[in-house]
1. Can you tell me which of 96, 100 is within 20 Å of residue 40 (Cα to Cα), under 16 Å from the mean Cα position of the chain (by Cα) and surrounded by 13 or more Cβ atoms within 10 Å (Cβ to Cβ)?
2. Give the number of residues within the stretch 107-141 that are farther than 29 Å from residue 176 by Cβ and surrounded by 12 or more Cβ atoms within 10 Å (Cβ to Cβ).
3. Which of the numbered conditions does residue 56 fail, given that it passes all the others? Conditions: (1) touching a strand residue (DSSP E or B) at 6+ places or on another chain (Cβ under 6 Å); (2) under 23 Å from residue 184 (Cα atoms); (3) free of Cβ contacts under 8 Å to residues at least 24 places away in the same chain.
4. When the stretch 152-198 is examined, which residues are found to be in a helix (DSSP H, G or I) and out of contact with any helix residue (DSSP H, G or I) (no Cβ under 8 Å at 6 or more places or on another chain)?
5. If residue 71 passes every condition in (1) over 17 Å from the mean Cα position of the chain (by Cα); (2) in a loop (DSSP other than H, G, I, E, B); (3) touching a residue at least 12 places away in the same chain (Cβ under 8 Å) but one, which one does it miss?
């Protein structure tokens, strides 16, 4: 039905433990895609159980882009000082700082976005759709509006963005996978991103490519 190599592949893809990967493949008859969904759902469930716990430990980490063009400070919390000192947790936090440097989020999650601004944007989008030469049915318009709002969330919300080191998973999924592996509640509390010359007229740079290039170097 599946091999040990399949288990290893799923472990590398998901970051979950060996036994969890084996259980997922067993439950999904060896289907890798379904097993990934199974593990993601399990990670989300595990995260939900830990949501009420207090995460008051953690670290503040920094990421400075090559040449000092971008600087990021991020605070990520966990439950114990022991976990905060582990290499796995530190690597996760540093990856988040690096991602923020490359992807330039404005908020951590959807709940931080001003709801009135979102509703106002929806009304503008609805009006634009209705004013087109061939107006679409209301049901289609709502799907278009929701699609554009979801795209907006992915642009500005850290947790909704594709993770720069592995665009197949979102930062939220990366967080949930890390929670599942570490076994503690983890929360990205706050961050600040500085960009050299921000607000001044300057040439456009592809910072995602530069950051990824620095990582490979």
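Coordinate-derived values only; no laboratory data. Keep in mind the model is a prediction, meaning the values are calculated, not measured. Cβ: placed from backbone, ideal geometry, glycine included. Neighbour counts: every protein chain shown.
1. On the way: 100 fails: within 20 Å of residue 40 (Cα to Cα).
Only one candidate passes the filter, namely 96.
2. 6
3. That leaves (1) as the condition not met.
4. As a first pass, look at the stretch 152-198 and keep what is in a helix (DSSP H, G or I): 152-156, 158-160, 171-182.
Those that are in a helix (DSSP H, G or I) and out of contact with any helix residue (DSSP H, G or I) (no Cβ under 8 Å at 6 or more places or on another chain): 155, 156.
5. (2)
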